[in-house]
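Trainee: Just passing along the structure, written as structure tokens.
The values are calculated or read from the model by the stated rules, or taken from the named source; none is laboratory data. What you are looking at is a predicted structure, and each value in this text was computed from that prediction instead of being measured. Counting neighbours? That spans all protein chains shown, and the Cβs are built from the backbone with ideal geometry, glycine included.
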Amino acid sequence: MHNLGHTRSVRRASHFIHTPDTFIRTQIPGCSKASVIVHASPVLGANFAQYSVEFEVGGALGSASGQRFFYVLDGTITLESGADTYTLVENDYAYVPQEAEHTIRALQASRATVIEQKYRSVNGEGPPTLLVGHEPSVPAQPLTGDNDLLVRSLLPDTITFDFAVNTMSYAPGAGLSMVEVHVMEHGLLMLEGGGIYRLDDQWYPVTAGDFIWMAPYCPQWFGAIGKVPAKYLIYKDWNRHPL
Ligand code: UGY
Ligand code: MN
């Protein structure tokens with residue numbers, strides 16, 4: 001049954017909602033036994049790339065274009081770098097510095113989301129070193145006063161990092177306390193639940209599996225709707241002078 005030309009995907013100058021019904025699988029160089037869905041890239045207007053990868057058993061990613069953040073959505077994936085091998089499962093993540101030789105290979109059918117961005121050094125410092133983590137083990141901080149909205153910062157907030165990746169977990173009915181307007185741009189993947197996203201002057205229903213790009217200064221607000229918590233993974237450029 002076709003969908004009569006309807007979709008929740010929408011592209012505006014200041015934002016883009018990419019819903020799974022519109023995903024087109026493609027390949028990027030070095031990728032084998034894996035399909036890639038590119039959500040954000042410079043041709044969209046973004047200063048970073050974000051794509052999701054669907055691996056077959058033994059599937060692999062090629063080298064990164066810049067620094068790479070890698071988050072496992074499901075399955076089992078190995079990351080090899082130098083003498084070290086890490087086995088990553090659901091909600092594990094890795095940061096790989098620019099130009100670090102590494103191999104990412106799936107041990108079973110797996111899915112991951114990947115963020116890549118050219119590294120901008122400050123005073124000749126950096127790049128940061130490779131790190132791996134497990135999202136549920138990262139301490140959660142309330143965004144404002146109460147525990148209805150919890151933030152986990154997956155990367156250290158130090159000047160060597162030029163971007164941040166956080167998860168934000170909303171209790172049912174919780175929402176951002178204000179409409180945010182800021183210089184940072186966002187790449188956002190809904191991990192669980194859903195709600196209403198205000199982007200610019202529009203309100204959109206969003207749910208797990210959706211991707212959202214927000215341009216710098218895009219007015220933004222989210223409220224969780226439904227009986228289950230809502231949670232998203234969110235990228236922002238960070239810690240750098242605007243010029
Ligand atoms: O970190 C952020 O800017 C975050 N609070 N934005 C958002 O959730 N849309
Ligand atoms: Mn924001």
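Trainee: Name the pairs: first residue in the range 214-238 and at positive phi, second residue surrounded by 16 or more Cβ atoms within 10 Å (Cβ to Cβ), Cβ to Cβ under 8 Å, at least 6 apart or on different chains?
Mentor: Every condition considered, the pairs that remain are Tyr217/Ser14; Gly226/Gly193; Gly226/Gly194; Gly226/Gly195.
Trainee: Next question. Anything in the range 134-190 that is in contact (Cβ under 8 Å) with a residue 60 or more places away in the chain and either part of a strand (DSSP E or B) or within 18 Å of Pro205 (Cα to Cα) (or both)? List them, or say none.
Mentor: Hits for the range 134-190 are Phe163, Ala164, Val165, Asn166, Thr167, Met168, Ser169, Tyr170, Gly187, Leu189.
Trainee: Go over the candidates Gly175, Gly209 one by one and state the one that is in contact with a helix residue (DSSP H, G or I) (Cβ under 7 Å, 6 or more places away or on another chain), surrounded by 15 or more Cβ atoms within 10 Å (Cβ to Cβ) and either farther than 30 Å from Thr78 by Cβ or not assigned by TED's automatic domain parsing to the domain that holds Ala46 (or both).
Mentor: Only one candidate passes the filter, namely Gly209.
Trainee: Pick from Leu130, Leu150, Leu143: which is within 16 Å of ligand 2 (Cβ to nearest atom), of a type outside the set (Asp, Glu), within 24 Å of Gln50 (Cα to Cα) and within 20 Å of the chain's Cα centre (by Cα)?
Mentor: On the way: Leu130 fails: within 16 Å of ligand 2 (Cβ to nearest atom); Leu143 fails: within 24 Å of Gln50 (Cα to Cα).
Result: Leu150 is the single residue among Leu130, Leu150, Leu143 that is within 16 Å of ligand 2 (Cβ to nearest atom), of a type outside the set (Asp, Glu), within 24 Å of Gln50 (Cα to Cα) and within 20 Å of the chain's Cα centre (by Cα).
Trainee: Just a yes or no: is a residue in the range 77-99 surrounded by fewer than 17 Cβ atoms within 10 Å (Cβ to Cβ), in contact with a Lys or Arg (Cβ under 8 Å, 6 or more places away or on another chain) and not in a loop (DSSP other than H, G, I, E, B)?
Mentor: Within the range 77-99, one or more residues are surrounded by fewer than 17 Cβ atoms within 10 Å (Cβ to Cβ), in contact with a Lys or Arg (Cβ under 8 Å, 6 or more places away or on another chain) and not in a loop (DSSP other than H, G, I, E, B).
Trainee: So which residues in the range 107-126 are of a type in the set (S, T, N, Q) and surrounded by 22 or more Cβ atoms within 10 Å (Cβ to Cβ)?
Mentor: Matches in the range 107-126: Ser110, Thr113, Gln117.
Trainee: May I pose another question? Only one of these conditions is not met by Ile104: (1) buried (at least 18 other Cβ atoms within 10 Å of the Cβ); (2) touching a residue at least 60 places away in the same chain (Cβ under 8 Å); (3) β-branched (Val, Ile, Thr). Which number is it?
Mentor: (2)
Trainee: Out of curiosity, is Ile115 modelled with pLDDT of 95 or more, of a type outside the set (D, E, K, R), away from ligand 1 (no atom under 16 Å from the Cβ) and under 28 Å from Asp74 (Cβ atoms)?
Mentor: Working: modelled with pLDDT of 95 or more: yes; of a type outside the set (D, E, K, R): yes; away from ligand 1 (no atom under 16 Å from the Cβ): no; under 28 Å from Asp74 (Cβ atoms): yes.
In short, no.
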